[in-house]
Structures are given as C-alpha cells and as structure tokens.
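Everything below concerns the one structure shown next.
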Amino acid sequence: MSNAAVATMERKPMPGMKVYNKKLGMWVFLLSEVMFFTSLIGSYIILRFAHPEHWTDPGVVLNVPLTATNTFLLICSSVTMVKAFAAIQQGDVTGLKRWLLATIVIGAGFVGIQMVEYVALSGEGFLPALDAYHAVGRGNPHEGPSLGGPLYGATFYVMTGFHGAHVSIGVLCLIFVYIQAVRGKYTLADHEGVEIIGLYWHFVDLVWIILFTIVYLI
Amino acid sequence: MSTTTTSEAHTAHAEEHHELGFIRTYIFSTDHKMIARQFLFTGLLFLLLGGALAVLIRWQLGFPGQPLPGGGILPETMAPGGIILPEFYNSLVTMHATFMVFFALMPLMAGVFGNLLIPLQIGADDMAFPRLNMASFWITPVAGFMMLASFFVEGGAAGAGWTSYAPLSASGEWTGVYLGQQLWLASLIVLGFSSITGAINYVSTVINMRAPGMTWFRIPLATWSLFITAWLLLLAIPILTGGLILLLLDQTIGTAFFRPEGSGEPLLWQHIFWFFGHPEVYILILPAMGFVSEVIACRSRKPIFGYHSMVVALVSIAFLGWVVWGHHMFQSGMNPLLGMTFVVTTVVIAVPSAIKTFNWMGTLWRGDIHYDTPLLHAVSFVALFIIGGLSGIFMASAPVDIYIHDTYFIVAHLHYVLVGGSLFGIFAGITFWYPKMFGRMMNEGLGKVHWALSFVFYNLAFFPMHNLGVQGMMRRIYDPNQYEYLQSLQPTNTFISINVFIFAAVQVIFAFNFLWSLKKGKVAGNNPWKSNTLLWTTPSPPPHGNFPEMPIVYRGPYEYSSPEVEEDYYPQDRPPPQSSSGGHTVEAPNPEPVPGD
Amino acid sequence: MNFSWLLPETVSTFGPALDDLYYVILWITGIVFFATEITLVVFMVKYRHREGRKAEYIHGSNKAEVIWTVIPFVIVMGLAFYSKALWDEIRDPDRIPPDSFPINVMASQFEWNATYAGADGQFGTSDDFVSRNLLHIPVDRPVVVYLEAEDVIHSFFLPDFRVKQDAVPGMMTPVWFQATRTGEFTLACAELCGLGHYTMDGRVVVDSEADFQSWLDSQQAEEDSD
C-alpha cells in the first residue's frame, strides 16, 4: 500500500482548531444557543419598540434588588466554576469536588430565587397571557389599575424562563460531573468534562447578564 | 485525551463490534454508515408520503369536485365520498410541503449524505460524537410520528401553509384546527434538535478529524457543501425554534406575540420565519450542488473546473443567504425602502449560483463524459436548476413580484429548485453512492429509464405552472373555477395533474431498482466509478472504523486524466512515485497546499 | 391549454411599466436559458465518451471566473436599479397623488367590505356606505385604497391592475392605482386566509365619471333609506 518512507510517518489527523473534539463541539453548540436567544431577545426588542406602552419604568413591576442579588450569585457561581477547573488543572480532586458543589448549590439557589420571584409576580397579576394580565406593581394591593400590558409579561416569562431552563439543565449536568469527580474520573491529564461544563456555565451566566440588563434595568 | 485513531484503537474498535447484538448494530447504532441508512429509509418513506399528498392536491386541481378513485378510504372529515373538502385541501398543501421539506429533503440530503460522506471522504473512522449522532437520527422518526398524528386529531392537520403565517396559525378560531396546528409546531420544535445535533457533529468532524494531508482545499466538494450546510443548520434552525415556541404559546396559553388583539405583530412571525427560511432553502440545495460536483467531475474524467471558485461560491451563498429574507415579504406591508435593499441583496445572490453553473459546464467541456445514471441526474440538476434560478430573477424585482407573488409562478420556481434541483441531486447521490453503501450496483438500464421518464414528465408537469402564474392563478386555491378569469386555465391544470400522476408512478421504477439491487445488483467492488476520493479506497460497504490505518493524502480530489499517471484517475491517497533524484517527494503530514489543488 | 408567457391585458397606469420590466427580464432570462441549455446539450453530445479520447486535464481559468462573475453581476445590478423607480412610484406613501379618491377596504373571512366616505367626503360620518365584494371606481382618476384586515392576513389582488397588497390585521396599508379604461375586473384574495380563501371573489367596476357619480348617488340613496 504505502511505500517504505511513508510507512514510517506518524498518522495524526490534521490539527484543525487545535482544540479537542468535545470542546470544539461545545463551542459550536453554544453558537446555536446564541442564535436561539437572539430569536427570543430580537422578538422582545421588536415588540417593545412597536408597543412601548406595554412596558413600565424599571422596578415598578419587577423586583430589581432581588434579581440584582440573584445576578451577583450567578456571577459568583462562575467564579466557583473557574476555581473548580483550576483545581483539577493542578490535579486537586478535592478542590474540584468542593468548588463544583459550591457551583451547584449557588446555581440551584439562582433557580429557586427565580421561582420565588415568578410566584410573587403571578400573584401580583403579572402574567404572560393576554386575558389574564393585570399587573398591579410591586407591593400594591391586589386591586388597582393595570400597569403595562401583556407583551411585557409574555416576553419576560419567555426570555427568563428559557434562561432558567438552561440554568437548570446546567445544574443537572454539574451534578453529573460532580458524581464523576467523586468516582475519580478526572485527573490532571484528563478532565475534559469539567472544562466543557465550565464553558456552558459561563455562557449561561453571560446570557443572564444581557437579559438582566435589558429586562430589568431598561 | 486525544482522539487520534491509531491502528491499535481500530483493531479494538472492530473487535468490540462483533459483540454488539442486533439492536446495537441495526437499531441503536452509533456507526455513521448505519445512521446514514436509517436516514435513507426514513427519508424515502416520507418522500413517498409527501408525494401521495401531492397527488391528492393535484387530483383536486385537475378534477375539481370529482370523487377520487379509491378515495372512499379517506375519512368523512377529509373527503366525504372521495371528494376532497376545502379544509382538507388546506391541510394537504400545508402537510405536503412540511413533510417534503423537513422530513424528506433534509434527512435525505444532510442526514444520509452528511453521515455517509463526511467521515469517509476526509479519512476519519466515524463522526466526532457517534452517540450524539445516533440521538440525532432517532429524533427524526419521533418528530415524524407527531406530525403524522396531527392528521388524526380533532380538527385535522395544520392548514395554515408550511409558512404558518400568523394570525391564521396563532389561534384555532380562524381555521377550526387546534391540536393539529399545535402538533405541527411541537413536531418541528423537536425535529430542530435533530438538525442542530447533526450539525454539531458535521462541523466538529470536518474541522478536527481530517486525515494527514487533507488540507482545506483538498476536501471534496460534497464534504465542503455539507460542512457549509451544517453551519447554516446550526445557526438558522434555532431561530425557527424560537419562533415556533412563541407561536405555540400564542396557540396554547394565550400570549399575543403575533396576535393583533393583544398588540402582537403578525409581521414579526414573517421576519422570524423567513430569517430562518431563506438559509433553509440553501440548506436544501447546497448538498445537492456538492453531489453534482463530485459526479460530474468523476464521470467526465476531468478535474472540477474552478475548484477554489466553487468553494468561494458556496461560502458566498451561505453568507448572502442571511440578508435576503425580505424578498419573501415584498408585498407584506413592510417598509418599501427596506424592500429595495432586499432587491439588491437578492439579485446579488444570483451571481455565485451562476458561477457554479458555469463551472459545472466548464467541467463537462472537453471531458470524457460517461452517460451513467448518476451523471444523467447530475446534468439534469444543472439544466433544471438553471430554470429555477432564472425564474427567481423575476421575483427578485419587487415591482414584478407585485404581480407574481403568491401565484403559481412561485410554485413553479420552488419546484424547479427543490425537485429539479434537490431531488434530482439526491437521485444522483443515491445512484452514485449506493454501491458504497450496499456493496452492489443499481441496475443501469432501469436507472436510465427512471431518469428519462422522470425528466420528461417532471418538466411537462411543472413548466406550465409558470404560465398559470403569468395568467394570474393564485396559490393554495381549492377551486380556481370560482374566479371567472381563471376558468380558462382548467385544461392546463388537468394537463399538469396528469403529468404529476405519471411522474409519481415512474418513481416505482426507482423504488423497485433500489430494493431489487440490494440483493441482486452486480457486486460493486471498492471503486466501480474509478473515483479519487478516500471513500472509494474502502471496501463496499466499508467495515466498522472505515480505514484499517488512517490514510495519508497527497493531492486534491479531482486529479482525473492527470498526465502523471497512465490511468484516468489518481486517488488522493496514492503516494506519488519516488523521484529519481532520491526521495524527497514524500510530503510531511501537514503539507502546504500545492497550486492546482 | 394556456402555455403563454404573455401577460394578460393591463388596465392601470403603472401596468405598462411593470409589464415592460417583466418582458425585459423575460428576454434576458430567455436568452440566457437558450444559450446555457443548448451549450449543455452540445457539450453532452460532443464530449461523450468514445474510445481513444481522453479528457483535457485543466483545473479552470481565472479569466473565465472573472468574466462570468462580472457580467452577471452587472446585469443583475442593472435590473435592481431599473426596478427602483417603479417600486418607489407604486409603493412610496409620499408618492400617492394627493387628490386620490379614497376607499376604506376591510378584508375579512371571507369577504371584502369597501367603505365609501359619502357626499361629505369624510369617513366616520353618517353618510358613509359599505359595498360588499364590489368596488366602483372612476376611470382616469387615481384611487387610494386604505387596506385593513379584521382577522387574519388577506391579500388585495387586482390582476388586471397589477395591484397586490397584503392586508394585515393591526396595520393599515395604503395602496393606490389609476384605471385607464372602463370595465368590470377581478378582485381576488392572494394570501391563504382559511377555509374560504378560494371564495373571496370580488369585483372592481371602472365607471366613466358620470356613471361613477350616479352609482355613488344611488348607494347614498339606499343608505339614507335604511
């Protein structure tokens, strides 16, 4: 088949992106996620420009201080994720487990606080559906004129809801990675799973920072 | 851990395969070649279903209000006494397009050939993520089942067109279809994951798993086109998914993203849909262009004319495809100034397609053309794509589009590119790569008869649709005879219908050839077409793991009739002869591209 | 059977310009069609496999690539430019003649309802009247239809006038045109709007000035007597 000189060559694939398969796959997947959120956020922007009367000033209906705290927590969880990855890069499995656990707890906490927020908002009449919408604003008695319009509710729940779903899936994946860590699957030489869940987690955090700004602050 | 495949890993891989039972080999397989076959089986079934729906549509248009022979089997809600109801007709046009676009063309092009060709043409042992690949296939029949089920629920299947414009599609009160529309939306949301995961695999595999020497400009055009298509899928499908979710929410929980009574914007749906929809149509044609390049070069025994230009054209089409979506919306009430910008981008995108067409013709020029079935289909693609592309020029001009938008002129255009183009491209691909998939040749005689009859009856059926449009016949019209000015077109409609029926019937020849050849076809051998790509260096069909040793690539894929060798082909992995000055012709694993590759 | 590429007769002022543009495109695409398809057939025959013949080993020609990129590009850009003037004339709201005769048309499932302003020329007053599935317009005078939809998207299609405009619920879109001769013409719906889409057959009657005035008067009288 091959001549003698060739037979001595090492058969390694073309270097491609010089990035291992799973990491390349995760980056590519995250690009598709960017497009998904673009679709939702783009719709929000178009609807808001077309019907600004459906929105109120920031903070009138939504609880900005609570969510700002939640945002801070999510950012902290990115820090703990970085620390987890740094730990296993040194071969420190104990550190890896500790920091992964911290990330899981904070991530779950984020979702929990968001659910509490949803319950409060829906109690105040802030709902996605056209006929059900009757938002009366934070701390107001349940009677009173409706503030804003149903597009506000619909876009809010869709954007934050899908983000929350992505966080929840991320927490489940982190739990899986944690279990793998406990079983000793990650070493200094081989810890791809940790790196790629870390990428996903940072992405989810980045999307939140954008969402928090455009949904709560503007 | 690196994913380099060494000989050791290969052997272990192959041994492991022997221990897999029937289920792991044929049902839940992670082997890209088996997954390709699964997509082929599913895709052809849905093609058959889509075709059956088309026959029903044409029955109504050709013989309006007449009972369909054998139509008594259809339920009363669809066609009492075999006479198709208007609401069922609306579902027919919707579901015909839906099944054809999403469940036939996409699986057949990207699912079958992405899976079959990419690893074999680049010298890899499988896809980057074999288990993800398996999941990617299985999502398709699940989504297909949901879509099929929608025919049998109360209210029937979705009837708002495959484009599902809101508010018609946003609330069942306008159509009487509730669950059917919701299932349509849910099915496509699910199906999107098949495309996205498939795309992740294709992109990662092509970037990371090319054999040594397989530089970017030595990749065969079929893989290039599938790679570019994968990028389009990756970026466009999630946009659709977002839109489908919003529309499903409007339908189910009463949001008003697209419903004006709640300040929703119907045009927002159109923007989202077409922002996906235009890249989607390039998803539906680019792979076929790749197959056509492979087949024409190989069977003309000639290098593809302008390989680099072909790649640049593919990439240009992919980029430009993102900025033309508004041409579907010229008459929508969109700002006319915005409309004009889309006129410009739309006419510009005609140029790379023209470049490709001229390059195919340049490949045939001074070639040594073998009239095999794949070649006949490939050249038919070029001939029919020319018609589809030229008819597009009419609608690119926004004022002319005022007249022809939503008429049969559009229907003619889309069928010329999707059937004349994509379907004939798929026929070229199947007839060309069947030997590699199944180890046997399809029958040439039957293949040529199928091709000739298909070509003739296809054109007789679809060409007159241009004329119907020019005379002002609208789309999606249950009974054009309601309009006095269209009554004179009935004979043309009947003529078209008869030719569609014959075209459909002719496909039985293909089906028979396909099935018969599985067992009785001539044994193929490794390289019956004498092609240069790595794919043809393997046995037919290739074993698990494809290549016993990772191949090394020395040249581009189109070195046909090269003066360097006596035969009229020069495989990519054949080492060049030792030069008499003493052996420095052997190239390093990452060689520089050589001019002329 | 009708296999004609010729457009039916047009009865509006911008019909001829639109038809001309269509025919220019038809000529260009027709020439390209015949040139390319004939070349394809010639190549298939001339270069078919015969014993002893080998294909020419050529990878391409940069000169050819430039030629067949630049020429198509110039032609299509010309077409785009040529289209702009007519598009602006038809669609630019600022170009709607200020003295156009106004009619409000509401599209719904499954009929067209045209509201006329009545003798006072004001909409929303008691002398307005509605005409179902029937528009009367004066010849040789610009008319502007203020198009709306009640439920789903419809499309206001007057084939003879080369007029088409989607009627979108929640939006009002003006569409103007001017008839060049009297007669009775088709109004069709060109956007799938539900099960009765194929039944939305309306008529547009173009009257002489005198006949138009008497039609208006008779509709007015009917309205008053209701």
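Read-outs: derived from the displayed coordinates by stated rules, not from any lab. This is a predicted model, so every value here is computed, not measured. When we count neighbours, we look across all protein chains shown, and the Cβ atoms used for this are built from the backbone with ideal geometry, even at glycine.
Could you tell me what % of all Cα pairs in the stretch B:13-130 have separations over 21 Å? Could you put the intermediate results ahead of the total?
Details: 3725 of 6903 pairs.
Result for the distance tail: 54 percent.
Helix B:221-252: angle to the longest alpha-carbon principal axis of chain B, degrees 0 to 90, nearest 10?
Roughly 30 degrees between the two axes.
Who wins for biggest fluctuation among C:THR69, C:THR186, C:THR13 in a Gaussian network model of chain C, springs between alpha carbons below 10 Å?
In this elastic network of chain C, the residue with the biggest mean-square fluctuation among C:THR69, C:THR186, C:THR13 is C:THR69.
Where the centre of each part is set by its Cα atoms, how far does the stretch A:95-157 sit from the stretch C:64-134, in angstrom?
The stretch A:95-157 and the stretch C:64-134 have Cα centres separated by 45 Å.
Percent antiparallel among DSSP beta bridges with both residues in the protein assembly as shown, to the nearest 5? Write down the numbers at each step before the final one.
Working: 31 of 44 bridges.
Antiparallel bridges make up about 70 percent of those DSSP assigns within the protein assembly as shown.
Quick one: which of B:LYS356/B:LYS519; A:LYS12/B:LYS356; A:LYS18/B:LYS356; C:LYS84/C:LYS164 span more than 28 angstrom between C-alpha atoms?
On the way: B:LYS356/B:LYS519 37 Å; A:LYS12/B:LYS356 34 Å; A:LYS18/B:LYS356 32 Å; C:LYS84/C:LYS164 17 Å.
Those over the limit are B:LYS356/B:LYS519; A:LYS12/B:LYS356; A:LYS18/B:LYS356.
Taking the convex hull of the Cα atoms, report for the stretch C:15-93 its projected area averaged over all directions, in nm².
Numbers: hull surface 29.8 nm².
Orientation-averaged projected area of the Cα hull: 7.5 nm².
Which distance in Å, rounded to a whole number, links the C-alpha centroids of the stretch B:284-335 and the stretch B:227-277?
Cα centroid to Cα centroid, the span is 25 Å.
Of the GluC sites (Glu not before Pro) in the stretch C:86-167, which ones lie in a loop per DSSP and count no more than 16 other C-beta atoms within 10 Å?
Numbers: sites: C:GLU89, C:GLU111, C:GLU148, C:GLU150; in loops: C:GLU150.
For GluC sites (Glu not before Pro) across the stretch C:86-167 that sit outside H, G, I, E and B with at most 16 neighbouring Cβ atoms in 10 Å, the list reads C:GLU150.
Please determine, in degrees from 0 to 90 and to the nearest 10, the orientation of helix C:209-225 with respect to the longest principal axis defined by the Cα atoms of chain C, where the helix direction is its Cα long axis.
For helix C:209-225, the angle is close to 50 degrees.
Which lysines does A:LYS83 reach when only Cα atoms under 16 Å apart count, and residues fewer than 8 places away in its own chain are ignored?
Leaving aside lysines fewer than 8 places away in the same chain, those within reach of A:LYS83 are A:LYS97.
Would you mind pulling out the separation of the Cα centroids of the stretch C:1-50 and the stretch B:180-206, in Å?
Their Cα centres are 39 Å away from one another.
How big is the convex hull of the Cα atoms of the stretch A:17-217, per residue, in Å³?
Values: hull volume 22.5 nm³, N = 201.
Residue-normalised Cα hull volume stands at 112 Å³.
If R₀ is 45 angstrom, what is the calculated FRET efficiency for the pair B:HIS308 and B:LEU20, using the beta carbon separation as r and rounding to 0.05?
Numbers: r = 43 Å, r/R0 = 0.95.
It comes to 0.60.
Between A:GLY25, A:GLY161, A:GLY149, where does the largest GNM mean-square fluctuation fall for chain A, given springs only between Cα atoms within less than 10 Å?
Among A:GLY25, A:GLY161, A:GLY149, the largest GNM mean-square fluctuation belongs to A:GLY25.
So which GluC sites (Glu not before Pro) in the stretch A:98-186 are both in a DSSP loop and have at most 15 other Cβ atoms within 10 Å of their Cβ?
Values: sites: A:GLU117, A:GLU124, A:GLU143; in loops: A:GLU124, A:GLU143.
Answer in residue order: A:GLU143.
In nm, give the distance between the simple-model label positions of B:SER488 and C:ASP217, each being 7 Å from the Cα along the Cα-to-Cβ direction.
In this crude label model, B:SER488 to C:ASP217 measures out at 3.7 nm.
Under the 0.36 nm per residue contour assumption, what length would be gained going from the current alpha-carbon distance of C:ALA210 and C:ASP20 to full extension?
Details: separation 190, 0.36 × 190 = 68.40 nm, distance 3.23 nm.
In short, 65.2 nm is gained.
What is the angle, in °, between the Cα long axis of helix A:192-211 and the longest principal axis of the Cα atoms in chain A? Nearest 10 is fine, range 0 to 90.
With rounding to tens, the tilt is 20 degrees.
Which trypsin sites (Lys or Arg not before Pro) in the stretch B:421-474 sit in a loop by DSSP (not H, G, I, E or B) and have at most 13 other Cβ atoms within 10 Å of their own Cβ? If you can, show how the numbers build up before the last one.
Working: sites: B:LYS436, B:ARG440, B:LYS448; in loops: none.
The qualifying sites: there are none.
Could you calculate the contour length gain from A:MET115 to A:PHE49, that is, 0.36 nm times the residue separation minus the distance between their Cα atoms, to one decimal place in nm? Don't skip to the answer; put the middle values down first.
Details: separation 66, 0.36 × 66 = 23.76 nm, distance 2.81 nm.
Additional length available on full extension: 20.9 nm.
Modelled label-to-label distance, C:MET77 and A:ASN140, 7 Å Cα→beta-carbon offset: nm?
5.7
Run the simple label-point estimate for B:ASP568 and A:PHE72 please: 7 Å along Cα→C-beta, distance reported in nm.
7.7
Would you look at the GNM of chain C, springs on alpha carbons closer than 10 Å, and say which of C:LEU18, C:LEU195, C:LEU216 moves the most?
Looking only at C:LEU18, C:LEU195, C:LEU216, the biggest GNM fluctuation is shown by C:LEU195.
Got a sec? Which residues in the stretch B:422-466 would a label at B:TRP516 touch, if it sits 7 Å along Cα→Cβ and we count backbone N under 14 Å?
B:441-451
Among B:PRO67, B:PRO352, B:ILE189, flag the residue with its Cα farthest along the positive direction of the charge dipole of chain B, charges on Cβ as +1 for Lys/Arg and -1 for Asp/Glu.
Farthest along the dipole direction, towards plus: B:PRO67.
For B:LYS520, which lysines qualify as cross-link partners when the Cα separation must be under 29 Å and same-chain residues fewer than eight apart are set aside?
The qualifying lysines are B:LYS33, B:LYS436, B:LYS448, B:LYS530.
Could you give the C-alpha radius of gyration of the protein assembly as shown expressed as a fraction of 2.2 N^0.38 Å, taking N as the number of residues it contains? Provide the component values of the computation, followed by the final result.
On the way: Rg = 30.9 Å, N = 1041, 2.2 N^0.38 = 30.8 Å.
Normalised Cα radius of gyration, the protein assembly as shown: 1.00.
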